[in-house]
1. Please tell me if I55 is surrounded by fewer than 17 Cβ atoms within 10 Å (Cβ to Cβ) and in the same structural domain as A375 (by TED's automatic domain parsing).
2. Assuming A178 fulfils every condition listed in (1) among the hydrophobic types (A, V, I, L, M, F, W, C); (2) more than 23 Å from N232 (Cα to Cα); (3) in a loop (DSSP other than H, G, I, E, B) apart from one, which condition is it?
3. For segment 203-241, how many residues are under 16 Å from the mean Cα position of the chain (by Cα), within 13 Å of F295 (Cα to Cα) and among the acidic types (D, E)?
4. Looking at L102, is it crowded, with 21+ Cβ neighbours inside 10 Å and at pLDDT 95 or above?
5. Buried (at least 22 other Cβ atoms within 10 Å of the Cβ) and either closer than 29 Å to T11 by Cβ or in contact with a Cys (Cβ under 8 Å, 6 or more places away or on another chain) (or both), is that true of E115?
6. Within segment 142-175, restricting attention to residues that are without any contact (Cβ under 8 Å) to a residue 12 or more places away in the chain and outside any loop (DSSP other than H, G, I, E, B), which residue is nearest to W123 (Cα to Cα)?
7. Given the residues V208, V198, which is the only one that is buried (at least 21 other Cβ atoms within 10 Å of the Cβ), in contact with a helix residue (DSSP H, G or I) (Cβ under 8 Å, 6 or more places away or on another chain) and touching a residue at least 40 places away in the same chain (Cβ under 8 Å)?
Amino acid sequence: MLAERMSLIGTSPTLAVSGKAKEMIARGVDVVDFSVGEPDFDTPEPIKRAGITAIEDNFTRYTASSGTLDLRRAICEKFRQDNQLSYEPDEIIVSTGAKQCLYNLAMALLETGDEVLLPTPCWVSYEPQISLTGAAPVFLKTDAATGFRITPDALRAAITPKTKALILNNPSNPTGAAYSREQLEPLAEILAEKGIWVIVDEIYEKLVYDGFAFTSFAALSPAWKDRCVLINGVSKTYAMTGWRIGYAAGPREVISAMGKIQSHSTSNANSIAQRAAQAAILGPQEEIARMRAAFEKRRDLMLSRLLEIPGVTCPKPQGAFYLLPDWRAYLGRHCGAWEIQTSIDLAAYFLEEAHVAVVPGVGFRAPEHLRFSYASSPDRIEEGMRRVREAAAKLE
C-alpha cells in the first residue's frame, strides 16, 4: 500500500526515546531526560517580545516563500560579522528549521547514482534524506582515536567518480567534535581538487568550549562560496527550538532551486517566528555567552561522572551539548530478566530501571555507544548520573 521509498527510512531513535520518556513523565514517573537535543534555557526576553509585538502588529500573513527580506538581510549581516562572509539576500533561504533546509537541499542537489560522503557517527536524519533522493550515502567511520573527526587520508580513499557531496556537521551531533581551521584546510584541498560539493551543518557554531575558535567552511577560501552550502538556524544558539527557523546560504542557483521545492511544500516559515529570529540575530548577544558558559560547566560535570563508571570511555567534546560514551564493556551483560546485547537494550534498561532517558547509538551508526545530552541543570545531571552509575553496577 505504501510507496516503496518508505522502506528507506525509519523512525528517529531520538524522538522514540524522548516520546517514551514523556509518556512515563505523564504517568508521574520521575525521569531524568538526557535524550533531547535542545537547550533547557528559556528563549531570551527580547526575542519573545519581538514575537509578541509581531502578533500585536498583525504580522500574520504569508511572507515571501523563502523568508522575509528583512530576515534574510539580517542573516547576511550575521554572516558578515561572525564569519567574514559576504552573501546577498537572494543567496539565503529561510525554512521551517534547519532540517527542512537540509531536505530541500538534498532534493535540489542530489539524484539517483550520486554518492554522498557522510562521516559517522552522524545525526540520524542525514542518511534517510540522502536515500530519499535516490543517492547513496557512503559512510566515513571515525572513532575516539581521531576525536571523531575524518582524516585527509580517509576522505581521499572514500572518493569515487560518483561522489557528489560531503555532509559535514561542525560541531557534531552526536559526538560534539569540532574542526579547527587547521583541520579543515587539508580536507578542503582534497574536496576542491575533486570538485565535490560541501554541505556544512553549522547549527552548533556558537556552542564551542575551551576557547575553541570556530571557522565556517565557506570562509576557508573565496572559491568555496560557489560549491558550499551552509546550514544554520536559531534553534540551538538562542534556545528557540520550537520556533522552527533555520536558514541556508549558498550559490544563487542552488538557493533558488531550494526555494522552488519549498514553495510547493511548506511555503514560508512562520511569519511571527521570522520576526523573532530577526530580533535574535540583530539584538543583544550576551545570553549566548551565558548559555555557553553553563553548557561548558555541565559538560565537565557529566563527563567526570561518566568516567567514574568502570569500563566507560568518552573523549572530551569541543562543541554542541552531547557526549557519546563507549559502553561496549557492558554489552553481553545481564541483570535479572535484562539481557544487554545492544545499545538499544542498554538504553531501554536505563530508562525502565533507572528512569534515565538516553539515546542508543545505533541510529547514529555508533552501535556500541549511547548519546547523553547535558542540556539539563547540574542538579539533574548529578541525579541522573547517580542513577546510571548504580544501574550499570548491577549488570553482570
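1. No: the conditions fail for I55.
2. (2)
3. Matching residues across segment 203-241 total 0.
4. It is true that L102 is crowded, with 21+ Cβ neighbours inside 10 Å and at pLDDT 95 or above.
5. no
6. If we take residues in segment 142-175 being without any contact (Cβ under 8 Å) to a residue 12 or more places away in the chain and outside any loop (DSSP other than H, G, I, E, B), then T146 is nearest to W123 (Cα to Cα).
7. Only one candidate passes the filter, namely V208.
Yes or no, residue by residue, for (1) polar (S, T, N, Q); (2) in the same structural domain as F59 (by TED's automatic domain parsing); (3) more than 30 Å from F148 (Cβ to Cβ):
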{"residue": "M258", "(1), (2), (3)": "no, yes, no"}
{"residue": "Q278", "(1), (2), (3)": "yes, yes, yes"}
{"residue": "F295", "(1), (2), (3)": "no, no, no"}
{"residue": "S304", "(1), (2), (3)": "yes, no, no"}
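The values are calculated or read from the model by the stated rules, or taken from the named source; none is laboratory data. Owing to the predicted nature of the structure, the values given are computational and were not obtained by experimental measurement. Positions of Cβ are backbone-derived with ideal geometry, glycine not excepted, and every protein chain shown enters the neighbour counts.
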